[in-house]
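Please treat every number below as a calculation from the coordinates, not as lab data. Here the structure is a predicted model, which is why all the values come from computation and not from measurement. All Cβ positions, glycine included, derive from the backbone under ideal geometry; neighbour counts span all protein chains shown.
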Amino acid sequence: MTQIIKPGAGILFMKVGTHAKESLEDIIARKSKEIQDTGYAMWGYGGNTCHPRTMVQPFVQSFRQKGQPIFLCMQQMTSNHFAEQLRASECSSDGINWTKIPNTINVLGSRFALVIKGLRKEEHILPLDQTRVAVGNNVGRLGSRYLLGQVDKACLEVTDKPEQTNEAQTKEVQINLVAELADPYAVFLRDHT
């Protein structure tokens, strides 16, 4: 276990790679500059498994009430996401009230974004059989079972010990990149130009 991945911790897990015709290395460099210039960055994504209003925000709030930060733990993967690099110009934490995204932040080709700070390369092992889904319809489901197939992101809580299963091997993933979520944690995006 590490200071980030420890029993009781909340982890937002996400697989990452090429996105909107941009390599992961280029995305990391751009996001690091955004954090330096603005104090935060927006990490774009899609899909409803980590919907801003119904999943990410309640998940983060439950851990913030305990005084715990939430870390975005990312696993690098091979990706072929070559959608257009359309930049979102507005964001909203509730889908109702919208604000302009600062010119120093470019969030491309995404419906949603996580608000992050402190982006850094860091190597960790995340034992998925020692995590449980922390919010939503699958709450309590073992992380290793939830992340089978097409699911590539999840709001997880690290448990005290791995679940005993009949599976031959432990389900571990290599974490390559870490960031802390910052208020308002996850937002909707619109007006892609």
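Using a 10 Å cut-off around each Cβ, can you sort 163, 157 from fewest to most neighbouring Cβ atoms? Kindly include the intermediate steps, with their values, before the conclusion.
Numbers: 163 15, 157 21.
Listing 163, 157 from fewest to most nearby Cβ atoms yields 163, 157.
I want to make sure I understand the PRE zone here: with the label point 7 angstrom from the Cα of residue 104 toward its beta carbon, which residues in the range 12-44 have backbone N atoms less than 14 Å away?
Only 31-42 pass the distance filter.
How many nm is it between the label spots at residue 54 and residue 33, if each spot is 7 Å from the Cα in line with the beta carbon?
Simple spin-label model gives 3.7 nm for this pair.
How do 139-146, 52-59 rank on mean C-beta neighbours within 10 Å, highest first?
Ranking, from highest mean packing down: 52-59, 139-146.
Can you pick out the pairs among 6/33; 21/100; 21/171 whose Cα atoms lie more than 27 Å from each other?
Pairs exceeding 27 Å: 6/33; 21/171.
By how many nm would the segment from residue 120 to residue 65 grow when fully extended, if each residue of separation counts as 0.36 nm and the alpha-carbon distance is taken off?
That works out to 17.3 nm of additional length.
Okay, which of the range 113-151 sit inside 16 Å, backbone N to the point 7 Å along the Cα-Cβ direction of residue 180?
From the range 113-151, the list is 115-122.
Find the centroid of the Cα atoms in the range 57-78 and in the range 103-147, then give the distance between the two in whole Å.
7 Å
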